[in-house]
Amino acid sequence: MDIPDYDKALYYTLWGYWDDLLVLMVRTNDDMLSKKIQLFLHAFHYSLDERKIMESHDNLLYYLDHAMKYDPSTVLKL
């Protein structure tokens, strides 16, 4: 079973797996997800403004929440 990119991104973001999040940013087919990850990782690593870091983190989580609502669920055949 393949785990959707949105689930992976959420997991990596919540648990701080930045290397895995970077790999996902490069491999995903969702350009918007890739850009949100890029903005967050850039802010996290280079910004001194904590507000900017939190804003990019929240934007990524809001996008994931929105995308997961409209992504067709994986159906398992029994």
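The values are calculated or read from the model by the stated rules, or taken from the named source; none is laboratory data. Owing to the predicted nature of the structure, the values given are computational and were not obtained by experimental measurement. Virtual Cβ from ideal backbone geometry, glycine too; neighbours counted across all protein chains shown. The protein model used for the area step is the full one, side chains on, heavy atoms only, and it has no ligands, DNA or RNA in it. Shrake-Rupley method; radii C 1.70, N 1.55, O 1.52, S 1.80 Å.
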Please determine, by comparing only the residues of the stretch 49-78 that are modelled with pLDDT under 95 and part of a loop (DSSP other than H, G, I, E, B), which one is most open to solvent (accessible area, probe 1.4 Å). Leu78
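Just the residues that are touching a residue at least 24 places away in the same chain (Cβ under 8 Å) and either outside any helix (DSSP H, G or I) or among the charged types (D, E, K, R) (or both), please, taken from the stretch 20-44.
Taking the stretch 20-44 as the starting set, the residues that turn out to be touching a residue at least 24 places away in the same chain (Cβ under 8 Å) are 29-30, 32-33, 36-37, 40, 44.
Asn29, Asp30, Lys36 - these are the residues of the stretch 20-44 that are touching a residue at least 24 places away in the same chain (Cβ under 8 Å) and either outside any helix (DSSP H, G or I) or among the charged types (D, E, K, R) (or both).
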Determine which single condition Ala43 fails, assuming it passes every other condition in (1) open to solvent by 80 Å² or more (accessible area, probe 1.4 Å); (2) more than 11 Å from the chain's Cα centre (by Cα); (3) at pLDDT 95 or above. (1)
